[in-house]
Structure formats: structure tokens, C-alpha cells
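Encoded as C-alpha cells, the structure appears first; notes follow it.
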Amino acid sequence: MKRTDARVRYTQKILKESLLSLLRDKPINKITVKEVCDLAELNRATFYAHYSDCFALLESIENELVEAFGQSLELVKSFDVSALIEAFYGIAEKHEAVCRVLIFGNASSSVLQKMIDLARDMSIVYWKKELHSATEEELEMLYTHLSNGLLHVFVEGYDRYSKEDVIRFMNRIVSCSLSLFR
């Protein structure tokens, strides 16, 4: 694995923080490279040495968050909702500034969709082994139902409900859903 120079990491970090700060007040399509650079106190040539535009910068931020989510998924067994919710909360705590803007602030629904898509294949492969009576189509619908429900309870309830309440509720929902196929 190639290590990135500390100056490059710092520059990218400042650019990302600046974009996130601007995203709190306006949508990505209204943010200019000049605004990001002014806030970061960097020139535009420096910006363009790292990113082609603000959308590429946003995609980089999203990809880092999705990668962290993917790493946490590797530690979770498919039906272990408690561990999955713990992983979500762990990501939110570790990447709070990013999550506050992109997920809880609704600045980017694409990051949530990337997270849902990332876990789809892994979950369905596992479910096929466990839920023998379910058809391929039913597994897809079950995944859509559970993943979207879980993510939206997490997103909408992050500041409203305790982690324990979310775990308890989602365990009940998953248990009821899975009982249809067992």
C-alpha cells in the first residue's frame, strides 16, 4: 500500500473540511471551487491538483465513509442486527462531522444508497443458505425492506432515540420478517 505524503493528506483534509462546512448551508450544485478554496485558504491550482471539481471532492468523502462502513460489515454476521447497529453508531461517532452533513443533514442520499448496495450481495448470499423457502425475488424484497428500514431508523432516529432502543426495535422487526421464511 502506497503511503500518501503528509502534505497531500493535510491538503485533502482541509479541502474536505471546507466542503463539508459549505454543505451545511447549501447544496453541492451551488458550491464553487473558489468558495472551497477561499475557505481552505488554498489556491485553485492546489484544488485541481487533487480533484477535478466539487463533485469529485464530495465523492471522495463519500467513498471514505462507505469504505469504513464496508470494513465494519466484515465484522458482522448477517442476522446480527445488534452488531450492525453498533457498527453504524461506531461509524457515526468516528466520522461525526461527515455523517452530520452527508447523512443526518440529508446533503447526500447517494452515500446511503452506496451503503445499502454494498451489503446487498453479502446478505442475500447468506440468506439463501438460511431461508430455504424464500425465492430470489422475496430475498431481494426482504433485503430492500430491512436495509432501508434499518438505515432510515438509524438516520432519522440518531438524535431522537437511544442506540439501545433502536437495537431492541430493529431486532423485533428483523425477527418478525425472518419468521415468514423459516
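The values are calculated or read from the model by the stated rules, or taken from the named source; none is laboratory data. The structure displayed is predicted, hence computed values, not measured ones. Cβ sites come from the backbone with ideal geometry, for glycine too, and all protein chains shown count toward neighbours.
Here are the numbers for this structure:
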| quantity | calculated |
| --- | --- |
| Tally, over segment 9-38, of residues that are farther than 19 Å from residue 102 by Cα and either in the same structural domain as residue 102 (by TED's automatic domain parsing) or not basic (Lys, Arg) (or both) | 4 |
| Residue that is of a type in the set (Asp, Glu), closer than 17 Å to residue 156 by Cα and without any contact (Cβ under 8 Å) to a residue 12 or more places away in the chain, where the choices are 67, 96 | 96 |
| The listed residue being surrounded by 17 or more Cβ atoms within 10 Å (Cβ to Cβ) and more than 24 Å from residue 175 (Cβ to Cβ), out of 131, 102, 139 | 102 |
| Among the residues listed as 102, 178, the single one being touching a residue at least 60 places away in the same chain (Cβ under 8 Å) and more than 21 Å from the chain's Cα centre (by Cα) | 178 |
| Subset tally (residues that are among the polar types (S, T, N, Q), modelled with pLDDT of 95 or more and either part of a helix (DSSP H, G or I) or closer than 13 Å to residue 12 by Cβ (or both)) for segment 30-71 | 2 |
| Any hit, segment 1-24, residues being in contact with an Asp or Glu (Cβ under 9 Å, 6 or more places away or on another chain) and not in a helix (DSSP H, G or I) | no |
| Unmet criterion (only one of (1) within 19 Å of the chain's Cα centre (by Cα); (2) over 20 Å from residue 92 (Cα atoms); (3) of a type in the set (Lys, Arg)) for residue 163 | (2) |
| Residue 121 being modelled with pLDDT of 85 or more and either buried (at least 17 other Cβ atoms within 10 Å of the Cβ) or not polar (S, T, N, Q) (or both) | no |
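To keep it simple, each residue is scored yes or no on (1) in contact with an Asp or Glu (Cβ under 9 Å, 6 or more places away or on another chain); (2) within 30 Å of residue 131 (Cα to Cα).
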{"residue": "38", "(1), (2)": "no, no"}
{"residue": "42", "(1), (2)": "no, no"}
{"residue": "48", "(1), (2)": "no, no"}
{"residue": "55", "(1), (2)": "no, no"}
{"residue": "58", "(1), (2)": "no, no"}
{"residue": "68", "(1), (2)": "no, yes"}
{"residue": "72", "(1), (2)": "yes, yes"}
{"residue": "82", "(1), (2)": "no, yes"}
{"residue": "85", "(1), (2)": "no, yes"}
